[in-house]
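Scroll down for the structure; my scribbles are underneath it.
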Amino acid sequence: MYQDVVKLQAFYQTRLGRVTARLIRQQITAFWPDISGMDVMGLGYAIPYLDVFRTKARHVISIMPAAQGVVRWPRHNGKADNDGKHRYKGNLTALAREGNLPLQDAVMDRIIMVHILEHTEQSRSLLREVWRTLAPGGRVIVVVPNRLGFWARTDRTPFGHGTPFSVAQVRQILSDNMLTPTRTISALHLPPFNSRSLLSLMASLEGTGQRWWHNMAGVLIVEAEKQIYAASPPAGKRKHVTRPAIVGNPMECRTGPVKRK
């Protein structure tokens, strides 16, 4: 069951939410330090992690699942005048069904999934849509609650809702949908504190936690690459010339005899 988008937005406006976004964003940008000229999509509630890419990527968009709801982003979508005010505003978000993204095939270079995989009941359809919309060699980052972490044991944050994952589980579900895991890292290595002093401690000890108690981290961050497998022809002689024909879902294909006139 999805969390309402209003609650997600409210969390990221708190002190804890801002620190959370900053620590996870550091790991995401470490995976993708240079996305110049690429097309980037956020899937789920990923807007706290997308602003950092808007000055470098060619296009950045955000798609939110219908069961979660949608909010306008960015608040300002134009260049500021000399007085610092933004004169031109726009919207880069859209609402869509998770199994039917409104995108053409192979158009996105990078996809960031946050607050979606742990909530969906259609993980296979969702990840097949991710595969379909990724360009060949494209990559996806999935951020999910860690089953062993402190954050999955409290509902004070969005990462305490939905189904948490182990590293093996999230890597397996990606592999099952033709997304080959390449790198895994963790973030949020201390419990979700509220006090200002403890929040500073959480930020300063993130590197130490990454080294010594990463198994207890709040979230897992897994990168995967779109895999395209070559089809092998069946053994033996053929009586007919065959050609591939795409039927319905582009992920499924069949062959049929070509009739000669």
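Observations on the model:
- Highest-first packing order for the peptide set 173-183, 195-205, 213-223, 7-17 is 213-223, 173-183, 7-17, 195-205, based on the mean count of other beta carbon atoms within 10 Å.
- Compared with the direct C-alpha span, the chain from Ser195 to Asp176 gains 2.7 nm at full extension, assuming 0.36 nm per residue.
- For the pair Tyr229 and Gln9, a Förster radius of 35 Å applied to the C-beta separation gives a FRET efficiency near 0.30, rounded to the nearest 0.05.
- Remark: Arg124, Arg147 ranked as Arg124, Arg147, counting other beta-carbon atoms within 10 Å and listing the fewest first.
- Positive-pole candidate from Pro164, Gln26, His115, dipole of the range 5-231, charges at beta carbon: Gln26
- A cut-off under 12 angstrom between Cβ atoms defines the neighbours of Thr163, and their net charge, with Lys, Arg +1 and Asp, Glu -1, is -1.
- Calculated FRET efficiency for the pair Gln26/Ser166, C-beta based, R₀ 22 Å, to 0.05: 0.45
- With the simple model of a label 7 Å out from the Cα in the direction of the Cβ, Arg147 to Ala203 spans 3.3 nm.
- Inter-site label distance for Gln210 and Asn100 at 7 Å from Cα along Cβ, in nm: 4.1
- Exposure proxy for Tyr45, Tyr2: other Cβ atoms within 10 Å of each Cβ, ordered fewest to most, give Tyr2, Tyr45.
- The range 5-231 - convex hull of alpha carbons, volume per residue in Å³: 133
Every number here is computed from the coordinates shown, using simple stated rules; none is lab data. Predicted, not measured: the structure shown is a model, and the values here were computed from it. Every residue, glycine as well, gets a Cβ built from its backbone with ideal geometry; the counts of neighbours run over all protein chains shown.
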